[in-house]
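Throughout, read-outs are computed from the coordinates displayed, never taken from laboratory work. Here the structure is a predicted model, which means the values were calculated and not measured. No Cβ is skipped: glycine too gets one built from the backbone with ideal geometry, and neighbour counts run over all protein chains shown.
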Amino acid sequence: MGVQPDINTVADNALDIAYKKALLDIKSRTKNRFLTDEINIELSKLEKKQRQL
């Protein structure tokens, strides 16, 4: 049977979803403005990629 995922998704989207979840987790715990800016850039790239699918 295997391990049940925390988030159900198709295999093609799994990496992007895991990456987004990790970015949001780090963003919620950091007070570093520069890191937050970089995270926001990466989140924007992911959102743009998802819209293109």
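Taking residues in the stretch 21-45 that are within 18 Å of D6 (Cβ to Cβ) and free of Cβ contacts under 8 Å to residues at least 24 places away in the same chain, and partners anywhere that are among the charged types (D, E, K, R) and surrounded by fewer than 12 Cβ atoms within 10 Å (Cβ to Cβ), the pairs with Cβ atoms closer than 9 Å and at least 6 places apart or on different chains are K21/D6.
Screening the stretch 1-30 for residues that are within 14 Å of the chain's Cα centre (by Cα) and β-branched (V, I, T) and picking the one that is surrounded by the fewest Cβ atoms within 10 Å (Cβ to Cβ) gives I7.
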